[in-house]
Amino acid sequence: MGRYGRSSTINPSLTALRHHVCMTNRIERRRHVRNPARVQGTGVGEDGLSRHPVTILNVSEAGAMAELAADVPAEGHSVLLFGHRLEPCRLVWRDGRLAGFEFLQVP
């Protein structure tokens, strides 16, 4: 028994609910909804020749987050090939193996 005669075990669903409430209280600044993807793809480097396997973790109308191989160099502009799509993009951020890409508008 815990304090006040209640059981000291923690209800996992209550803990998850508290976590969800805490996470949803922060201000959302994204302009586009992210959709989970988990799709295998290919990143093509600026030179058009280098190719690296990537896993697209989520995708939106304006960009994607991908998991890269550890040895892939960070590059400015590239192309992501995934799910019958060819998206010219630019690297916006990178944190270890994770990277965020912004899709470029092609005229």
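Only the coordinates and a few stated rules stand behind these numbers; no lab work does. Since we're looking at a predicted model, the values are computed, not measured. Counting neighbours? That spans all protein chains shown, and the Cβs are built from the backbone with ideal geometry, glycine included.
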Pairwise label distance in nanometres, A62 with R94, each label 7 Å out on the Cα-Cβ vector
2.3 nm
Under 5 Å from the placed amide H of N58, counting only residues 5+ away or on other chains, we find A37, R38, M65
The answer for L104, listing residues at least 5 apart or on another chain whose modeled amide H is closer than 5 Å to its amide H, is C89, R90
By its C-alpha gyration tensor, with a ≥ b ≥ c as the square roots of the eigenvalues, how is segment 35-103 shaped: rounded for a/c under 1.5, else prolate for a/b larger than b/c, else oblate?
rounded
Karplus-derived 3J(HN,Hα), 6.51/-1.76/1.60, for each residue of segment 81-90, Hz, glycine and proline x:
10, 6, x, 6, 10, 10, 10, x, 8, 10
What nm value, rounded to one decimal, do you get for the distance between H32 and D47 when each label is placed 7 Å out toward the C-beta?
2.9 nm
Can you give me the long-range amide H partners of V72? Hydrogens built in the peptide plane at 1.01 Å from N, cutoff under 5 Å, separation of 5 or more residues or another chain.
none
